[in-house]
Amino acid sequence: MLSRIADSLFWTNRYMERADGMLRCTMTNYILMFDKGVSNNLSWQHILEVFTNCEEEEIEALKYNTEGALYKLLLDSNNTDSLKVVLGKARENARGIQDNITKEVWEQVNGMYHAINAPQLEDKLKGYDALETADLFCKESIMYNGVTDTTMPRGLGWSFMNLGRYIERCFITLEVVDKFFSLIDYNIEEEKDILQWRPMLLALSGYELHLKTYRSSSHNENALHQVVFNKDFTRSVLYSLLRISKYLVDVLQENNTEHKDAIIRRFGRLLSQVEYMDFSTLNKDNLQDFFAELKTSLADFSNLIGLSFFSYS
């Protein structure tokens, strides 16, 4: 497979996963902002910090401005991570590899691109149609995942697509989790109510699983365990890394890159940081550093993938 093709497959899925993660967080925050029981301290600040390139002053001005935050997150072309920009990048990648993806996958990406560029969309986000509009894009994102899963052949292209998906998912989970734990100054010993973690778990589509899985009242530790270490939670850090491991093996079996040993060693260290971490040793003194080290290791691994397979210099 040409490196150009592999690159576009990888980034098409990364951008679509980024769009999906941002939409889940946006929808959750939008709905909970109306729930007076849990939204006393809830704002758009953490969402804007993760999914925009705004300076502190702009985030401060937007954090309680729902209309402004929605525009910044969904439609602002000056925000490099807005839904409009991300879908544009996904479509540009998909457009050049139409022979390597199914017609259904292309049509789904193309359809979402045209929907986010509809001229009347900005007005809808200013009124009562905002929730319905955001929900529609969430459903279209889920549709993309379903269409991709049911129509794409399980070859090398599929492996590159899923490397992109799970690397991006891992980044998003780490960023979201880091933001929420920073709200309690990473002090997991000072117990918080489950309502403290409800926005985070809903944003990662894990609240229902949490209620069914964790029975103790140690809500801080339970939330941390689920989003980082729970192998059964599809958006946990460990689950994402294990899926990366599977598709990395598939890719390396068909590509004898000169960086093969370096990739294996670097990813092995990254996976070990989570899989063999003693959960009981995490505390206020080291939790922030733990998240920072994981993000750095994941970024280094992602860069090495680009260097090895996509001819990045």
Practice prompt. Can you tell me which residue among Trp11, Trp106 is without any contact (Cβ under 8 Å) to a residue 40 or more places away in the chain, part of a helix (DSSP H, G or I) and among the aromatic types (Phe, Trp, Tyr)?
Written response: Trp106
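Here's the yes/no breakdown for (1) open to solvent by 70 Å² or more (accessible area, probe 1.4 Å); (2) assigned to a helix (DSSP H, G or I); (3) touching a His at 6+ places or on another chain (Cβ under 7 Å); (4) farther than 30 Å from Ala223 by Cα:
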{"site": "Asp250", "(1), (2), (3), (4)": "no, yes, no, yes"}
{"site": "Leu270", "(1), (2), (3), (4)": "no, yes, no, no"}
{"site": "Phe290", "(1), (2), (3), (4)": "no, yes, no, no"}
{"site": "Glu293", "(1), (2), (3), (4)": "yes, yes, no, no"}
{"site": "Ala299", "(1), (2), (3), (4)": "no, yes, no, no"}
{"site": "Ile305", "(1), (2), (3), (4)": "no, yes, no, yes"}
Response to the item:
Of the candidates Thr148, Thr80, the one satisfying the condition of being closer than 23 Å to Phe10 by Cα, among the polar types (S, T, N, Q) and not in a helix (DSSP H, G or I) is Thr80
Worksheet item: Conditions: (1) closer than 30 Å to Trp11 by Cβ; (2) among the charged types (D, E, K, R); (3) modelled with pLDDT under 95. Glu175 meets all but one. Number of the miss?
Response: (3)
Worksheet entry | Which listed residue is assigned to a helix (DSSP H, G or I), open to solvent by less than 30 Å² (accessible area, probe 1.4 Å) and more than 30 Å from Gly157 (Cα to Cα), from Ala19, Ala69 | Ala69
Worksheet, complete the sentence: Of (1) under 17 Å from Asn283 (Cα atoms); (2) of a type in the set (D, E, K, R); (3) within 13 Å of the chain's Cα centre (by Cα), Glu191 fails just (3)
Worksheet item: Looking at region 232-247, which of its residues are open to solvent by 10 Å² or more (accessible area, probe 1.4 Å) and either in contact with a Phe, Trp or Tyr (Cβ under 7 Å, 6 or more places away or on another chain) or of a type in the set (Ser, Thr, Tyr) (or both)?
Response: Thr234, Tyr239, Arg243, Ser245, Tyr247
Worksheet item: Of the residues that sit in region 152-177 and are small (Gly, Ala, Ser) and assigned to a helix (DSSP H, G or I), which one is nearest to the chain's Cα centre (by Cα)?
Response: Gly164
Worksheet item: Can you name the residue in region 143-157 that is open to solvent by 20 Å² or more (accessible area, probe 1.4 Å) and in contact (Cβ under 8 Å) with a residue 60 or more places away in the chain and, of all such residues, is nearest to Ile305 (Cα to Cα)?
Response: Leu156
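The values are calculated or read from the model by the stated rules, or taken from the named source; none is laboratory data. Nothing here was measured: the structure is a model prediction, and the numbers come from that model. Counting neighbours? That spans all protein chains shown, and the Cβs are built from the backbone with ideal geometry, glycine included. Quick note on the areas: whole protein, heavy atoms, side chains included, nothing else; ligands and nucleic acids left out. Shrake-Rupley method; radii C 1.70, N 1.55, O 1.52, S 1.80 Å.
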